[in-house]
Amino acid sequence: MKKLIYTVLLILIPFTLIAQNSEQPLITIQSRKILDYERPPRLKEEDNKNGVTFQFVPGLEIVTDLEYVKVYIFDIETGRTPFESNNIQNGSIRIKLEKPGFPNTTFWVMIKDGFRTTVSVSYLQTRETENPVIFEPAEKKSSPLYLNINPEDPGYYRQLFYLNDSDLNLHKTLLLIDEAFNTEMILSPQSLSGAEGAVFSWNGLNAEDKPVADGVYTLQISPDEKYLIGINRKYSRRSTNYYSGFAGLALVPSARILFPGGFQFGSTISLERTESDSSLEYNLPFSFFLRSSPLKMWETAFEAETSFITEDARPSLRLNSSQKVFVFESYPLQISIGLRGSYKSAINDFSEQKMSSLIRDPTGLSFYIPFQYKLPGWDLYASPEILFSLHPLLEDVSSNKHDYYGVIRWGIQYSTDVLFSVGISSSLYFPSYRGSTSIMQAGLEGTFFIPETPMYLNLYTIMQKVHRGERGSSQGFNLGFLL
């Protein structure tokens, strides 16, 4: 009987040990700044043994309740616990722990600038959950961001997916798969400054650093969680100037339109100065505008401008509306058609039309055809325009009747990958139907995209030259956001 009991114990004990050792250890991860940091007792012992005093530096440390656990970072053996590294690269890293007699454990850790990350691993503590990693509750839920993008837009608008800290440790990479089920790209996360979590962005390049074609791609978060990503260079989320009453550079409209459902809001303040042989006059206009795309291929915009410091010392009001429809694309060439209407009057008498010496957005209607040609990092613009003005733009025509103008506009813009763009533009008003002289304008502008936000700041300067010698200028800035 004793032999039978002894035999049963010999069989059951190994199975019991195997069952216990197959459990995953309990892992706690903390990322702390200098004021919140407290040295783990096990590392204090190492400091005392080595006769050193710890000084806080960002980095990674791993302590375990079993000694000498092997530590692998991206499958490369890096050391044994207790483990410390003060020169580890920021970002999401994969860690594997290996201890004979216990299952290997793999998890992800986000290393952030200014933080020291402490990983505490307990092999001996009984687990009450099947999840091997414990985190504090996430403040923000992981979720998709922009699922339709133009990879030529600023970096903020190429963000596909947000992962909070908890999910980030489970997802080092996301897969982008084309319609033929080929993996186009493996995306790595980008940490957010001043915020928890990270985002996955895509610049529209495949694994060979070549631009992918427009189309639909699958973003695979996990085998059970997938999202469709649209690449479409026909649309754009790049902010535009609205100086001349249409979206584009200051003096030339763009052919691209917003993604359906997108909108841009901004406000502008400028100082206008005109001079002739006999006078020097100033205007100080302030305006706001709203640009949106309610339907595919269609963009609409509205602007209201007021000026209390004017040439004739009488406050003015200007209202503008423009419509643009995308009509043709043979990438990199794009063409739209647009219609713009504007009316400027005294602020206390809407029937009294007003005009200023600096031509900006004349009262009347205009029809224009913007062309846009895309090169790597560059955009080329051109737009012929027919303008029907309710009165002559200059005082060199005595008639107060309406007038007709032919206008040609052109420009060029250079854009960096993420934060900045600079452009020059020009417009030429040909002599009018009633004999008004020609007008030439030139503009220079720069746009700064505020990092990790949808906001931007645009600065511009405009110069005007009239054939008979009058000159004018306008300097201003506009601040806004685009979603």
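Here are some notes:
- Shown for the chain: the carbon plus sulfur share of the solvent-accessible area, taken with all protein chains present and a 1.4 angstrom probe, equals 60%.
- Cα gyration tensor shape for region 331-393, rounded if a/c is under 1.5, else prolate or oblate: prolate
- Amide hydrogen neighbours beyond the local backbone of Met185, cut-off 5 Å, H modeled: Leu176
- Placed amide H near Asn148: partners under 5 Å, 5+ positions off or other chain: Gly230
- Nearest 10 degrees, 0 to 90: helix 41-50 Cα axis against the chain principal axis: 80
- The value of relative contact order for the chain, using C-alpha pairs under 8 Å at least six residues apart, is 10 percent.
- With all protein chains in place and ligands, DNA and RNA left out, the 1.4 Å accessible area ranks Arg314, Arg94, Arg116 as Arg314, Arg94, Arg116, largest first.
- Per residue, in Å², the accessible surface of the chain once ligands and nucleic acids are set aside, probe 1.4 Å: 50
- Karplus-based coupling profile of region 103-109, in residue order and whole Hz: x, 5, 10, 10, 8, 10, 9, with θ = phi - 60° in 6.51 cos²θ - 1.76 cosθ + 1.60 and x standing for Gly or Pro.
- Across all Cα pairs in region 423-471, the calculated P(r) in 10 Å bins from zero up to the longest distance comes to 22, 34, 23, 14, 7, 0 percent per bin.
- Other-chain or far-sequence residues with amide H under 5 Å of Phe263's (modelled H): Leu483
- Per-residue Karplus couplings for region 325-342, computed as 6.51 cos²θ - 1.76 cosθ + 1.60 with θ equal to phi - 60°, are listed in order as 10, 7, 10, 7, 8, 9, 3, x, 8, 9, 9, 10, 10, x, 9, 10, x, 8 Hz, Gly and Pro entered as x.
- The share of alpha-carbon pairs in region 34-134 lying farther apart than 24 Å comes to 23%.
- One way to sum up the overall shape of the chain is the equivalent ellipsoid from its Cα gyration tensor, whose semi-axes run 65, 24, 17 Å, largest first.
- Between 0 and 90°, nearest 10: helix 2-21 axis offset from the chain longest Cα axis: 20
- Highest average packing first - 39-52, 177-190, Cβ atoms within 10 Å: 177-190, 39-52
- Formal net charge of residues neighbouring Leu339 (Cβ-Cβ distance under 14 Å; K, R +1; D, E -1): -1
- Cα-based reach from Lys344 at 27 Å (exclusive), listing lysines while leaving out same-chain residues under 8 positions away: Lys324, Lys354, Lys401, Lys465
- Alpha-carbon spread of region 278-364, three principal axes, descending order, Å: 51, 28, 19
The values are calculated or read from the model by the stated rules, or taken from the named source; none is laboratory data. Source: prediction; values computed, not measured. Don't worry about glycine lacking a Cβ; one is built from the backbone with ideal geometry, like all the others, and counts go over all protein chains shown. The area values use the complete protein model at the heavy-atom level, side chains included, leaving out ligands, DNA and RNA. Shrake-Rupley method; radii C 1.70, N 1.55, O 1.52, S 1.80 Å.
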